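Derivation of every value follows stated rules applied to the coordinates shown; laboratory data play no part. The structure displayed is predicted, hence computed values, not measured ones. So basically every Cβ, Gly included, is an ideal-geometry build from the backbone, and we count neighbours across all protein chains shown.
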Amino acid sequence: MTGTGRTVVEHTLRIRARPETVWRFWTDPERICDWWGSTADLDPQPGGRCLVDLGGGAVMRGEFVELVPHERIVFTFGWEPAPGAPAVAPGSSVVEITLTAAGDDTILALRHTGLAPASADEHRSGWGHFLPKLGAAAGGN
Amino acid sequence: MSGDGAVDGALRALADPTRRTILRLVRDRELPAGEIAGHFPAISRPAVSQHLRVLTDAGLVDVRADGNRRLYRFRDDGLRHAAAVLDEMWSDRLARLQEAAEREEWPQRARRERR
């Protein structure tokens with residue numbers, strides 16, 4: 001039932017702001033909390049910490065791998081083990097962000113790779129934790 | 001990649017609150033259709049059956065026959081679900097990122113455009 005392969009999550013969007021601005025929203029701990037975390041600890045250099053606490057016990061722990069100013073950010077992505085945390089271990093997946101200028105706008109491409117099949121047990125708890133949040137998001141909250 | 005269609009189907013299936021409630025009901029134990037329908041007194045049996053079909057087609061629940069009953073249970077498929085959860089998280093958060101970044105540049109743009 002569970003595939004042995006790994007899967008990819010991809011998103012692309014056009015933002016009416018310049019790449020320098022968008023870049024700051026990924027690398028400045030205050031700005032990343034405008035859209036992702038409730039608190040964040042970022043050290044944007046290769047090998048530097050990338051920690052985003054989403055609140056409610058969900059903590060994304062990663063490490064910056066590559067940074068090309070205003071163009072590209074690569075970091076490892078995982079949830080800290082906690083009761084109810086989604087089953088993606090720190091270091092087990094990778095997020096690549098590419099920013100491309102288009103006039104005064106930015107095309108942002110996100111590619112999240114390396115997601116490994118989770119064990120049924122881990123998965124069950126992760127799902128239980130996230131279903132209500134999915135519900136809230138899907139409900140346009 | 002293997003998962004795009006599957007993730008879309010899963011997210012569509014999850015977009016409905018009744019279906020999310022059904023998933024919670026069958027998460028830890030297998031339940032017959034009749035008992036599931038019993039949780040939704042305000043919804044007709046055919047409508048509940050339709051929700052169960054959407055969930056089955058999306059691969060989120062498994063169904064098996066037991067005599068004349070149909071038994072449903074949550075399907076453990078960590079890969080697909082982890083991907084669906086992340087896909088949903090990113091689409092939600094990137095929309096907020098877009099809004100925040102555009103708001104930050106908006107005053108300058110408005111000035112430029114006024115000229």
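Take each peptide in A:23-30, A:45-52, count the other Cβ atoms within 10 Å of every residue, and average; sorted highest first, the result is A:23-30, A:45-52.
Enter the mean number of other protein chain beta carbons within 10 Å of the beta carbon of each residue in A:91-97, as an integer. If you can, show how the numbers build up before the last one.
Details: counts 0, 0, 2, 0, 2, 0, 1.
Shielding by partners across A:91-97 averages 1.
Shielding by partners for peptide A:30-42, expressed as the average number of C-beta atoms from other protein chains within 10 Å of each residue's C-beta, is 3.
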